[in-house]
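Colleague: I'd like to ask some things about the structure below.
The values are calculated or read from the model by the stated rules, or taken from the named source; none is laboratory data. Since this is a predicted model, take the numbers as computed values, not measurements. Note that we place each Cβ from the backbone using ideal geometry, even for glycine, and neighbour counts take in every protein chain shown. Calculation scope for accessible area: heavy atoms of the full protein, side chains included, ligands and nucleic acids excluded. Shrake-Rupley method; radii C 1.70, N 1.55, O 1.52, S 1.80 Å.
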Amino acid sequence: MKRVLTIQDISCLGKCSITIALPVISALGSETVILPTALLSTHSIFEGFTCKDLSDQIEPITQHWQKEGVKFNAIYTGYLGTAEQIDQVKEIIRIFGGGDTLVFIDPVMADNGRLYPAFDMAYAKKNVQLCEAADIIVPNITEASFMTDMEYREEKDHDEAYIKEMLDRLAQLGAKVNVLTGVSLEPGKTGVMGFDRETGDYYLYQNDKVDATFHGTGDLFASTCVGEIMRGRSWQDAMRIACRYTARTIEVTMKDPKKPWYGVNFEETIPDLISMR
Ligand code: PXL
């Protein structure tokens, strides 16, 4: 069985980060090891969330794993807390990465043109260093605009030249596969475009756009990609399945009159995910 280490926060309530990664990657058949970076009462879009930084636990936990000789098939990072934690994660990648271990980085920090409440521009720039250490990165357009110093454009203003330039600039940071999420190259469509720096290939996949934004969908997409790659799929197939699964989950969530405002009903669609091709 493949073993995935995921490094991100625990938002006790909020359906994001570890509370999505753990069920989704496990459902796709990999053992999921967690390294929580912080403990929050809710995700940071709630007013008044509490946050306990867990940076001081990272070294003792990983030292213990080293003593136990633990190895990972993938290291997947999402929402981290501070610039210092990015340095800690780089060290974890140095220790546990290398060989066939996939380093999958979702530089979670922003969306819709704006940084999340806990972050500043210095943190956004620091994420460049994390992407340098990655095999695959999956920023959204906002995150990529901060890391590449390009202007942020809304979906209605995307065109192929803008997306390809952003992908080329991301590739210069160093990852082999660079994937932009939230790409819209046709009216009424949304999806992802990826670029493989080694082969020079681009890959575009778009779904019909659902006119709503839901929290946690980026984490659902990234966790599905990691789980599918661990199942042996190519990055292109993993992205396509992750897009379809995320879109399906949004559709199902929209139909629920009692849906929570803070996340999607992925619990309802996990059975579909397992058989998706
Ligand atoms: O879904 C990304 C995410 C993860 N963790 C926390 C967040 C967010 C997005 O806002 O606040 C704590």
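Colleague: Sort the following peptides by mean Cβ neighbour count (other Cβ atoms within 10 Å, averaged over residues), highest first: 110-118, 143-151. Intermediate values should be presented prior to the final figure.
Modeller: Numbers: 110-118: 14.9, 143-151: 18.9.
Order by mean packing, descending: 143-151, 110-118.
Colleague: Also: Given the rule -39500 (n - 2.57) for each run of at least 4 DSSP H residues, summed and divided by the residues of the chain, what is its mean residue ellipticity at 222 nm, to the nearest 500 deg cm²/dmol?
Modeller: My calculation for the chain gives -13000 deg cm²/dmol from helical runs alone.
Colleague: With springs only between Cα atoms under 10 Å, which of Gly216, Gly48, Gly182 fluctuates most in a Gaussian network model of the chain?
Modeller: Highest fluctuation among the options: Gly48.
Colleague: Please compute the length gained on full extension between Thr82 and Glu165, using 0.36 nm multiplied by the number of residues separating them and subtracting their Cα-Cα distance. Each step should come with its number before you reach the end.
Modeller: On the way: separation 83, 0.36 × 83 = 29.88 nm, distance 2.87 nm.
Difference between extended and current length: 27.0 nm.
Colleague: If you project the alpha carbons of the chain onto their three principal axes, what span does each projection cover, largest first, in Å?
Modeller: Largest first, the chain extends 53, 44, 38 Å along its Cα principal axes.
Colleague: Something else now. Which entries of Lys15/Lys71; Lys52/Lys126; Lys125/Lys209; Lys189/Lys258; Lys156/Lys189 show an alpha-carbon separation above 19 angstrom in the structure shown?
Modeller: From the list (Lys15/Lys71; Lys52/Lys126; Lys125/Lys209; Lys189/Lys258; Lys156/Lys189), the Cα-Cα distance tops 19 Å for Lys15/Lys71; Lys52/Lys126; Lys125/Lys209; Lys189/Lys258.
Colleague: For the chain, with every protein chain kept in place, what is the accessible area per residue (1.4 Å probe, Å²)?
Modeller: Solvent-accessible surface per residue comes out at 44 Å².
Colleague: Determine the shape class of segment 1-80: with a ≥ b ≥ c the square roots of the Cα gyration tensor eigenvalues, call it rounded for a/c under 1.5, and otherwise prolate if a/b is greater than b/c, oblate otherwise.
Modeller: oblate
Colleague: Another question, then. Out of all DSSP beta bridges in the chain, what portion is antiparallel? Express it as a percent rounded to 5.
Modeller: Taking every DSSP beta bridge within the chain, about 45 percent pair in antiparallel fashion.
Colleague: Dividing the convex hull volume of the alpha carbon atoms of segment 116-224 by its residue count, what do you get in Å³ per residue?
Modeller: 111
Colleague: Could you work out what % of the accessible surface of the chain is carbon and sulfur, using a 1.4 angstrom probe and leaving DNA, RNA and ligands out of the count?
Modeller: Result for the chain: 49 percent of the exposed heavy-atom area is carbon or sulfur.
Colleague: Determine the shape class of segment 4-134: with a ≥ b ≥ c the square roots of the Cα gyration tensor eigenvalues, call it rounded for a/c under 1.5, and otherwise prolate if a/b is greater than b/c, oblate otherwise. Before the final figure, lay out the partial values.
Modeller: Working: a/c = 1.59, a/b = 1.35, b/c = 1.18.
Verdict is prolate for segment 4-134.
Colleague: Between Ile86, Ile18, Ile61, which gets the highest mean-square fluctuation from a Gaussian network model of the chain, Cα cutoff 10 Å?
Modeller: Ile61
Colleague: Express in whole angstrom the spacing between the alpha-carbon centres of segment 149-172 and segment 198-219.
Modeller: Taking the Cα centre of segment 198-219 as reference, the centre of segment 149-172 is 14 Å away.
Colleague: Can you list the aspartates and glutamates whose alpha carbon is less than 13 Å from that of Lys67, not counting same-chain residues fewer than 8 positions off?
Modeller: Glu59
Colleague: Quick one: order Leu130, Leu22, Leu102 from most to least accessible surface, probe 1.4 Å.
Modeller: Putting Leu130, Leu22, Leu102 in descending order of accessible area: Leu22, Leu102, Leu130.
Colleague: GNM on the chain, C-alpha springs below 10 Å: top fluctuator among Pro60, Pro257, Pro139?
Modeller: Pro257
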